[in-house]
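Notes follow once the structure below has been shown.
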Amino acid sequence: MQGNRACCEGALAAGCDFFGGYPITPSTEIAEMMALKLPKAGGTFIQMEDEIASMGAIIGASWTGARSMTATSGPGFSLMMENIGYAVMTETPCVVVNIQRGGPSTGQPTMSAQGDMMQCRFGPHGDVATIAVVPSTVQEMYELTAKAFNLADRFRVPTFVMSDETIGHMREKIVIPEKVDIVPRKPLLKGKLPFEADEDGVPGFAEFGRGHRVHVTGLTHDERGYPDTTDPEVHEKLVKRLYNKVESKRHEIADYDAVNTDAETVFITYGPCSRTVRQVLHDHPDECIGHLNLRIVWPFPEETLKIFANAKTFIVPELNLGQMVREIARHTTGEEVLSMPKIGGHIHTPAELYAAVEARK
Amino acid sequence: MKLKIDERRCKGCNLCTIVCPYNIFQEGRKLNERGIIVPVLDRPERCTNCRLRHLYGRQLCGACQMICPDQAIYWVEEDPYSEESVVIEF
Amino acid sequence: MTTRVFEKWYREDRLPHIFCTGCGNGTVMNCAIKAVEEMHWEIDDTIFVSGIGCSSRAPGYMSTDSLHTTHGRALTFATGVKMANPDLNVVVFTGDGDASAIGGNHFIHACRRNIDMTVICMNNMIYGMTGGQGSPCTPVGKISTTTPYGATEPVFDLAELAVAAGANHVARWTSYHTKELTRAIETGLATEGLSFIEAMVQCPTAYGRRNKFRKATDQVEWMRTHAILLQKVRRLEEEGKPIPEEHFAVGEFVHRQRPAMGVRR
């Protein structure tokens with residue numbers, strides 16, 4: 001199955017019932033597949049006039065209780081930023097799939113890259129905290145897309161599936177599970193205000209048309225949802241809560257594989273680079289090379305670095321000029337952090353990565 | 001029925017003065033406690049809705065209420081025993 | 001007993017609203033609510049959606065579920081709401097800048113799709129909330145903060161644009177013509193497909209003040225005297241006579257039954 005198709009299947013298994021999209025290489029197959037399958041599954045597919053509109057439509061649909069999703073690539077992702085910020089502020093659960101391609105601008109539409117890793121975290125203006133999952137296989141594309149819906153609904157944040165052209169267009173065998181766990185949104189309880197957070201920092205969801213009479217606004221708002229744009233305390237309380245409801249749960253959210261935890265040289269990868277490292281490990285079974293594959297990169301699971309107690313060097317191959325390596329360097333304590341950037345559309349070869357290990361010996 | 005202007009809402013734009021067919025609303029001259037010059041009512045008993053609402057059993061005219069951007073114009077049911085209509089003079 | 005007719009549709013605790021003295025938006029809100037009331041819609045089944053700007057603050061004062069979205073994008077959010085749950089009644093409040101400048105693309109596509117909702121555009125010919133900058137609807141020669149020597153760009157005729165783009169019901173009235181505006185909105189609410197109602201409103205603070213309307217009432221008077229019925233405009237056109245300067249057409253531009261999307265199941 002193709003990666004993009006696995007993404008659709010995962011979304012459908014997770015109960016996605018609204019898709020608003022706009023065609024863009026290399027994510028178009030997702031929209032095509034959704035147009036084919038979603039109406040038959042009882043959902044709604046709509047092709048919007050641009051990515052801004054797609055993002056708007058899925059936020060609107062989400063407020064009627066739908067599990068909504070859109071798929072795009074670099075240029076479209078940039079267009080969505082304003083409404084992603086709106087989704088953060090209004091705590092609207094939604095899933096945005098970004099099949100990354102070479103940038104900036106139109107760049108390399110048919111080539112692979114991971115240049116949007118920082119944009120998905122810091123793209124919208126203001127202080128935001130979001131969740132990003134990164135699949136490294138077609139199987140993971142299926143599982144993580146489904147998981148993204150649950151994370152989005154649980155934390156009421158836009159959740160990104162930050163895949164790339166390599167995985168999106170790759171065909172692999174996958175095992176489709178009998179059933180995918182669906183964790184529904186927590187509804188707003190009687191007597192609670194629509195933006196009054198429970199203990200976990202997430203308020204119950206006041207679905208439209210259920211008599212909650214909620215006012216949803218992107219302005220700084222109080223717990224009733226009414227705008228209050230001049231009180232510094234209201235703004236601080238709101239934005240800190242929106243930030244902490246995700247960032248304070250990074251341990252719970254974290255999802256990763258750690259191999260050879262006693263190694264001195266450790267690869268930290270996400271997405272297609274993990275595949276190359278797996279090949280390196282496979283080719284050199286006698287050597288102790290550590291590998292940390294991150295399936296969720298935002299919020300960054302900093303405690304995972306401590307798993308490698310003997311680590312002296314972290315090697316971070318990425319399909320960009322070094323983005324996540326900065327976040328990793330920020331959390332290391334004395335270990336050497338080596339960035340292995342690569343752009344142009346091809347992924348690292350096992351030989352390139354092994355040469356870096358050799359050089360550390 | 002009795003025509004009223006809600007002084008807590010009126011912002012003194014005087015739009016009501018241009019729509020009333022009887023010219024009941026007149027530009028005011030006195031500032032109220034919110035610092036707004038609220039229009040004054042000139043013989044409000046002439047108002048169609050005040051006089052004939054009960055006869056017809058529905059809202060009549062209502063041009064002032066519709067144009068009032070601040071939702072300040074309304075009618076109250078006159079109760080012969082309420083304080084509003086009983087003026088005690090000493 | 002008081003007769004505040006549509007009080008149940010307003011969030012009492014939010015009034016008085018932030019609109020300036022004499023702003024026509026409050027009048028249009030009254031008309032919209034009266035029309036919704038006449039349709040006997042339930043508060044819980046009705047959603048008001050808006051973008052950014054003066055006009056777009058309106059849903060915040062209404063006691064329904066309401067969505068105050070990003071600048072120009074209200075129609076996209078409304079599309080999502082309506083397509084995901086066609087049983088909801090969707091009304092969009094927008095302004096001239098919101099609908100025609102930043103949201104122009106969404107506007108024409110919403111008309112083309114003919115999604116079953118009502119769009120009420122409060123056209124005050126200016127960007128009011130940011131302090132009176134020229135909008136695509138600022139008439140030629142008029143002063144705004146970004147057109148200090150008079151606007152030079154031709155204006156958008158939003159109603160004609162909506163007709164061309166395919167909306168099922170298009171009408172234009174002013175905030176003076178409350179009865180007609182209410183009836184036009186009511187027809188719009190009852191029409192399947194997209195209904196676009198352009199309400200010309202006065203903006204005494206940002207527009208009138210700079211354009212020789214000393215009082216809000218002056219501009220309302222101007223709108224009353226400069227609005228000509230569409231039928232008369234068409235007649236003048238047929239006779240080859242010019243339309244008097246600065247006058248604008250009011251009335252029902254179109255009422256038709258093109259196939260619509262998102263109609264109640």
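The values are calculated or read from the model by the stated rules, or taken from the named source; none is laboratory data. Computed from a predicted structure; not experimentally measured. So basically every Cβ, Gly included, is an ideal-geometry build from the backbone, and we count neighbours across all protein chains shown. Heads up: the accessible areas ignore ligands, DNA and RNA and are worked out on the full protein's heavy atoms, side chains in. Shrake-Rupley method; radii C 1.70, N 1.55, O 1.52, S 1.80 Å.
Regarding A:VAL128, is this residue crowded, with 18+ Cβ neighbours inside 10 Å and more than 23 Å from A:ASN83 (Cα to Cα)? Taking the combined requirement at face value, the residue does not satisfy it. The set of residues in region A:68-96 being in contact with a helix residue (DSSP H, G or I) (Cβ under 6 Å, 6 or more places away or on another chain) and in a strand (DSSP E or B) consists of A:SER68, A:MET69, A:THR70, A:ALA71, A:THR72, A:CYS94, A:VAL95. For region A:90-107, the set of residues classified as open to solvent by 30 Å² or more (accessible area, probe 1.4 Å) and either among the hydroxyl-bearing types (Ser, Thr, Tyr) or at pLDDT 95 or above (or both) consists of A:SER105, A:THR106, listed by residue number. How many residues are under 12 Å from B:ASP70 (Cα atoms) and among the small types (Gly, Ala, Ser) if we restrict to region B:8-39? So the count comes out to 1.
One residue stands out in region C:46-63 among those that are part of a helix (DSSP H, G or I) and farther than 17 Å from A:PHE208 by Cα: the one that is farthest from the chain's Cα centre (by Cα), namely C:ARG57. For C:LYS179, the conditions (1) within 14 Å of chain B (Cβ to nearest Cβ); (2) closer than 18 Å to C:GLY95 by Cα all hold with the exception of (2).
Scan region C:198-230 for residues that are in a helix (DSSP H, G or I) and among the basic types (Lys, Arg) and the total you get is 3.
What residue, of A:GLY60, A:GLY56, A:GLY15, A:GLY65, is small (Gly, Ala, Ser), at the interface with another protein chain (Cβ under 10 Å from one of its Cβ atoms), open to solvent by 10 Å² or more (accessible area, probe 1.4 Å) and not in a strand (DSSP E or B)?
On the way: A:GLY60 fails: open to solvent by 10 Å² or more (accessible area, probe 1.4 Å); A:GLY56 fails: open to solvent by 10 Å² or more (accessible area, probe 1.4 Å); A:GLY15 fails: at the interface with another protein chain (Cβ under 10 Å from one of its Cβ atoms).
On inspection, the qualifying residue turns out to be A:GLY65.
Residues in region C:1-11 that are open to solvent by 30 Å² or more (accessible area, probe 1.4 Å) and at pLDDT 85 or above: C:LYS8 only. Among the residues of region A:328-341, those that are open to solvent by 20 Å² or more (accessible area, probe 1.4 Å) and either closer than 15 Å to A:ILE268 by Cα or among the hydrophobic types (A, V, I, L, M, F, W, C) (or both) comprise A:ALA329, A:ARG330, A:HIS331, A:THR332, A:GLU335, A:GLU336, A:VAL337, A:LEU338, A:SER339, A:MET340, A:PRO341.
Looking at C:ARG11, C:ARG113, C:ARG73, can you tell me which residue is more than 25 Å from C:THR174 (Cβ to Cβ) and either among the hydroxyl-bearing types (Ser, Thr, Tyr) or within 14 Å of chain B (Cβ to nearest Cβ) (or both)?
Details: C:ARG113 fails: either among the hydroxyl-bearing types (Ser, Thr, Tyr) or within 14 Å of chain B (Cβ to nearest Cβ) (or both); C:ARG73 fails: either among the hydroxyl-bearing types (Ser, Thr, Tyr) or within 14 Å of chain B (Cβ to nearest Cβ) (or both).
Testing whether each residue is more than 25 Å from C:THR174 (Cβ to Cβ) and either among the hydroxyl-bearing types (Ser, Thr, Tyr) or within 14 Å of chain B (Cβ to nearest Cβ) (or both) leaves just C:ARG11.
Where in chain B are there helices (runs of 4 or more DSSP H), lying wholly inside it, with at least 1 residues that are under 23 Å from C:ALA32 (Cβ atoms), in contact with a strand residue (DSSP E or B) (Cβ under 9 Å, 6 or more places away or on another chain) and modelled with pLDDT of 90 or more? First the steps, then the outcome.
On the way: elements: B:16-19, B:48-56, B:63-67.
Helices (runs of 4 or more DSSP H) meeting the threshold: B:16-19, B:63-67.
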